Amino acid sequence: MKISDQIYWTGYIDWNLTVFHGYQTPLGSSYNAYLIVDENPVLIDSVKDYGFAEMLTRIKAVIAPEKIRYLIANHAEGDHSGSLTELVKICPNAQVVCSPKAVDIFKKIYRADWRFKVVENGETLNIGRRDLKFIHMPMVHWPESMATYSVTDKILFSNDAFGQHYASSERAADDVPLDIVWQEAAKYYANIVLPYGAQVLKVLEAVQTLPVEMICPSHGLIWRRKADIEKIIGLYQKWANHITDPKALIVYDTMWHATEKMALRFFELFEQNGIDAKILNLANKHISDIMTDILAARVVLFGTPILNNRMLPTMASMLMYIKGLKAKNRYAVTFGSYGWATVGFKELEESVKDAGFTLLSDGHYVKFTPDETEMNKCLAYIPAMLEKLRS
Ligand code: FEO
């Protein structure tokens, strides 16, 4: 598939992918490889090991693989490097171009003794008509990650940055329903990129000095319209700075519906105050979907009953996941129902703080089922939340 003059998409569409290291991907994904047919042909990134044959068919439809001179490996993770072991065999004239840290990782993952060409941040490589510039982007998403920029085409091959897990026979974001692509881009950021805000801001700083007419990520769809490029860069800036929307999110699980009753009461109070609020039940929503809503939410309410003196395992898992993703600048309130022991709520509060939230008050905890007075007590928690939501 030609995406620009002499540039072809030669990747693999993973229609059947449903889970990507714990992240649910109901729309599948793609691993995007890009072939540039210049005097010294280049393949930018490769695909998972099981996508090799499909990628090879696409490459052979354009040129003989032995003509490829450079295999640019922007990232060593298996979804973009899993086919390199086979590629170096069928591209005997090619060097593997990567960052210094990638060499160590390739040697550890694949025991690779490939012909490496190590490139520094900002270094350029002439391939004939084109100059390619390498932009190191450590921790977006691994320490060795980098992007490749075609100075001539003004195309940024951004690897994991700006991607989405979305399988499609179309290649450009503006060829498919865009609202789904924005949603998937947010989910991708929330579940993969969120911990690396500071590093993302450095990448954005570098990218903003370059004219960019197309962004070609290594997952999902290409951004090629000026308005979409500006929007995705603006969103990355917002997300990297942990800027939230005036939204409230109620995340809960329940055993005998007491905690659920409280969740519904909180929702009702938000509704009465004109606040954009949402309820998500951990029993039927996956943590990777909940993360997408946490990305936008300024105030999150965490509700759980007590089981065996502890919060429910679904809540513990959610909070551990958020902690790893290092959410910041968000506020929280805790609530729940208990029978005889409240020690689990202390643990809940500590876990919420550990996950990066500022608690707005002590939690609202009730013995067994809340009565009318206890339900009305939910109201006392609203002013502090409104202050944050309206600021
Ligand atoms: Fe798409 Fe970090 O791999």
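We did not get these values from a lab; they are worked out from the coordinates using the rules stated. Computed from a predicted model, the values in this text were never measured in an experiment. Positions of Cβ are generated from backbone atoms using ideal geometry, with glycine treated the same way; all protein chains shown enter the neighbour counts.
For the peptides 60-71, 208-219, 289-300, residues were scored by their other Cβ atoms within 10 Å and the scores averaged per peptide; the highest-first order is 289-300, 208-219, 60-71.
Annotation for Val19 and Lys2: the two label points, set 7 Å from Cα along the Cα-Cβ direction, are 4.3 nm apart. Tally Lys and Arg at +1 and Asp and Glu at -1 over the other residues with C-beta under 9 Å from the C-beta of Leu359: what net charge comes out? Here the charged neighbours net out to -1.
Each residue of region 187-192 was assigned a 3J(HN,Hα) from its phi angle through the Karplus curve 6.51 cos²θ - 1.76 cosθ + 1.60 (θ = phi - 60°); the sequence is 4, 4, 4, 4, 9, 10 Hz, with glycine and proline shown as x.
In the chain, the calculated helix contribution to ellipticity at 222 nm averages -10000 deg cm²/dmol per residue, counting -39,500 (n - 2.57) for every DSSP H run with n ≥ 4. Rounded to the nearest 10 degrees, the angle from helix 258-272 to the longest Cα principal axis of the chain is 80 degrees. To the nearest ten degrees, helix 226-240 and the longest principal axis of the Cα atoms of the chain are 50 degrees apart.
Placing +1 at every Lys and Arg Cβ and -1 at every Asp and Glu Cβ, with all other atoms neutral, what dipole size does the chain have around its Cα centre, in debye to the nearest 20? Walk me through the numbers on the way to the answer.
On the way: 42 positive and 45 negative charges, 114 e Å.
So the magnitude is around 540 debye.
Using Cβ point charges alone (K and R +1, D and E -1), the dipole size of region 235-333 about the Cα centre works out to roughly 380 debye.
The length gained on full extension between Gln208 and Thr342, counted as 0.36 nm times the residue separation minus their Cα-Cα distance, comes to 43.1 nm.
For region 70-163, GluC sites (Glu not before Pro) are listed when DSSP marks them as loop and at most 10 other Cβ atoms sit within 10 Å of their Cβ; the list is Glu120. The angle between the Cα long axis of helix 313-325 and the main principal axis of the chain comes to about 50°, on a 0 to 90 degree scale.
With the simple model of a label 7 Å out from the Cα in the direction of the Cβ, Val62 to Arg225 spans 2.5 nm. The gain in end-to-end length when the Ser169 to Met255 segment is fully stretched comes to 26.6 nm, 0.36 nm per residue minus the alpha carbon separation.
Distance between the 7 Å Cα→Cβ label points at Asp276 and Ser317: 2.9 nm.
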